[in-house]
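These notes concern the structure reproduced below.
The values are calculated or read from the model by the stated rules, or taken from the named source; none is laboratory data. As the structure is a prediction and not an experimental result, all values here were calculated from the model. Neighbour counts are summed over all protein chains in view; Cβ atoms, including those assigned to glycine, are modelled from backbone coordinates with ideal geometry. Note: areas computed on protein heavy atoms with side chains; ligands, DNA, RNA excluded. Shrake-Rupley method; radii C 1.70, N 1.55, O 1.52, S 1.80 Å.
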Amino acid sequence: MKDSYRNPFSGINAGSLDDQTILDYWCSPFAYRLFSEIKETDIYEDSSNIVLMGGRSTGKTMFLRYWSFPVQLKLASENKDNKTKRVIDHFKEKNGIGFYIRIDGPILRSFDGLGIPQEKWNSIFTHYFELIVGRNYIEAIKKLYDLGDLKKDEIEDQFIPEVKRIINESQIVSLDELLNEFDNRIKDVDSFRGNFPFFKNDFVPSKGGFASQSLSFGIPKIAQKTISEFKESINFILLIDEYENYLEPQQRVINTLLRFSKNEIRFRIGMRLEGFRTFNMISEDDFIKEGREYRKVIFEDVLIKDKDYDGFLKEVSRKRLESVNIFKENGKSDITEFLSKSEDIEEDALELVAKNPGKHFSHFKKSLKDSDVDAIKCKENPLLELLNILWILRRVPANEVKAAMEDYLKKNKKGEKVKKYHMDYVDKYKLSLMFLLCSIYRTNKKYYSFNTFSFLSSGIVGNFIELCRRSFQYAEFENKDLLIKEGKISKEQQTKAALDFSGDELQQINRIESYGGYIHKFINNIGNIFRDFHKDEKIRYPETNQFSADIDNLTSQKFKDAFKAAIKWSVIQKKPKIQQPSPGKHLKDIYTINRIYSPIFQISYRTRGGYSVKLTASDIEKLMTEENVSSRNYLKQQISDESENPNAQLNLFDPI
């Protein structure tokens, strides 16, 4: 068989994919209960404006582009089951047409400064935005007209004359000419932006400027009035992407449109978390409000237990794997077969201790009697041996430990001791024991399997795809035959991919505009603190990887903005509900660091709840400004505090 291999997970930027690839790779999140806030029909039908929030690579662009006219046009053309069904019927059944609007950040930033008063920039940008939106409308109507789905007399005798009137151009007789007119006027703005730094000429539109709503609201009104296929059945949906790139004055312009949007015009806006620079409108004394002008949908959820996120990732992977002929022909489209479904921690533990099987006993020799060691050995499972040591450290007699272990191994569930043993091992400490064992043997834990990659992705689909891309890349380089013929990627290759991606993502933090240095220090410090918790030999706080904080108490706006920037870039993720940082404490906002950093810090990729490290305002400032903040003394003090108060709140910088 001819080798037709290519990496199925290459090409993850939805902004650069062509329309057909968007369609080929599309997986409906609604089929996997990823959103509780909206249903699929809401995209075109819901009269509310919807704001889609999530970090980089969470799927916002893929989502918005899928509902756009060019992609839906392809879908409608593919789904035509008979010659009598028209493409326009697809959009009438959907009750809308989506118009994807994405203006690059450098273009948006060019509408600022250069000595031009802000009021004039606002007018120029509004004029430009109206033209961009209007052009999208005309282009879609032209394509439907060219397909023969719109009546000639309605377009030529009614629609075009009405549009000519509002753009003040009497010579146009066709949709082609109308489209060219929009292109020329957009070029006028582009030329002004490029030439002004050199020639300082004022911007004077050749045929008049456009105020807010004149085209964005005006053309849909004309279409529904003059084109019979559009009357009452087709809404105009503006799909605005990367809203966080819009400058504050530009967001005021769009926010005003949200407030005054009409029944036939709805907005679906994609942005990063904390993407609103302002909630104000053009009128300084008014603002937009969630629940009134828009409702919010979060694309990035660190807690996914009530959703079929795994099923969604499997389907995303299946489509990509089947796009490679050699995998499709061999029936290798299940990503869990390539990566394995889950980690085998017990096997990993056996491999880890193979060359020095007694090191974990030697490590605790001061706390163990020789007779205790003989009683609690279990050569088949070093993790059970470590749990047995933990029980002895907690003053459980060796003979009782041995009895509980033997009952567990025999699957005898009668008795309180064996129930506690089972709960400690299976439900509470198993993964923590593996981290501790790795610490004792001075070896990194392995991060591999579909389940692990799903956790590491932190609800960000792009992270999962990148973990897979790197895994396939290393597998191709090191053992291409095993990859192609057997459809297997070793756990070592997956671990290398996870560690490399984790390290790269940590370094990328420095690139965050204005606050990268602060955020990088913070993540390094808090990650190392979490790592020290994972090394605690008594595992008092298993898998601690979250912290509580009240950022409103930060007195410095600089550090408050840095923290918000970390959320915006998904470096820090906020848990959906306010929780207790520890039992008996006041409710606080709980945060985690993005789980993609887990491999580099050698910490758990799970979010279990339990204890949270409490950060005060001064703690946050310290972690953002100092290098290598030590947690060693704090951990020692916390152990002492816990013996007096088991429910003591974790506090980072208590005095010694």
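Expressed as a whole percent, the accessible surface of the chain that belongs to carbon and sulfur atoms is 46, based on a 1.4 Å probe.
Rolling a 1.4 Å sphere over the protein heavy atoms, what is the accessible area per residue of the chain, to the nearest Å²?
Value returned for the chain: 45 Å² of accessible area per residue.
Positive end of the dipole of the range 231-384, charges at C-beta (+1 Lys, Arg; -1 Asp, Glu), about the Cα centre: which of Gly291, Asn330, Ser317 has its Cα farthest in that direction? Farthest towards the positive pole: Gly291. Scanning residues 5 or more positions from Val51 or on other chains, those with amide H under 5 Å from its amide H are Ile269, Arg295, Lys296, Val297, with H placed 1.01 Å from N in the peptide plane.
Taking label points 7 Å from Cα along the Cα-to-Cβ direction, Asn7 and Lys319 give a separation of 2.1 nm. For the range 312-384 versus the range 94-147, the spacing of their alpha-carbon centroids is 53 Å. The structure shown yields Cα Rg over 2.2 N^0.38 Å, and of the options (i) 0.93; (ii) 1.15; (iii) 1.25 that calculated value carries the label (ii). Stretched out straight at 0.36 nm per residue, the stretch from Ser206 to Lys419 would grow longer than its current Cα-Cα span by 68.5 nm.
Positive end of the dipole of the range 52-181 (Cβ unit charges, origin at the Cα centre): among Ser123, Gly59, Gly105, the Cα lying farthest that way belongs to Gly59.
Here the calculated FRET efficiency for Ser233 and Lys262, from their Cβ-Cβ distance with R0 = 22 Å, stands at 0.90, rounded to the nearest 0.05. For the range 322-389, a simple Cβ point-charge model (Lys and Arg +1, Asp and Glu -1, everything else neutral) yields a dipole of about 460 debye relative to the Cα centre.
Once you have the Cα-Cα distance between Ile107 and Asp532, take 0.36 nm times their residue separation minus that, and quote the gain in nm to one decimal. Could the numbers behind the result be given before it?
Values: separation 425, 0.36 × 425 = 153.00 nm, distance 4.59 nm.
Length gained between Ile107 and Asp532: 148.4 nm.
What dipole magnitude, in Debye to the nearest 20, does the chain give about its Cα centre under +1 on Lys/Arg Cβ and -1 on Asp/Glu Cβ?
On the way: 103 positive and 99 negative charges, 366 e Å.
Its charge dipole is roughly 1760 debye.
Structure shown: which of Lys262/Lys568; Lys428/Lys480; Lys420/Lys488; Lys568/Lys588; Lys120/Lys574 lie over 28 Å apart, alpha-carbon to alpha-carbon? List each step's numbers first, then the result.
On the way: Lys262/Lys568 30 Å; Lys428/Lys480 39 Å; Lys420/Lys488 38 Å; Lys568/Lys588 20 Å; Lys120/Lys574 39 Å.
Going by Cα-Cα distance, Lys262/Lys568; Lys428/Lys480; Lys420/Lys488; Lys120/Lys574 fall outside the 28 Å limit.
Only the Cβ atoms of Lys and Arg (+1) and of Asp and Glu (-1) were treated as charged; on that basis the dipole of the range 339-456 about its Cα centre amounts to roughly 300 debye.
Sequentially through the range 420-425, phi angles give Karplus couplings (6.51, -1.76, 1.60; θ = phi - 60°) of 5, 4, 4, 5, 4, 7 Hz, Gly and Pro residues having no value and appearing as x. The calculated FRET efficiency for Lys39 paired with Asp157, based on their beta-carbon distance and R0 = 45 Å, is about 0.70.
Between the residues Thr616, Phe69, Ile43, the greatest Cα displacement towards the positive end of the dipole of the chain, with unit charges on the Cβ of Lys, Arg, Asp and Glu, is found for Thr616.
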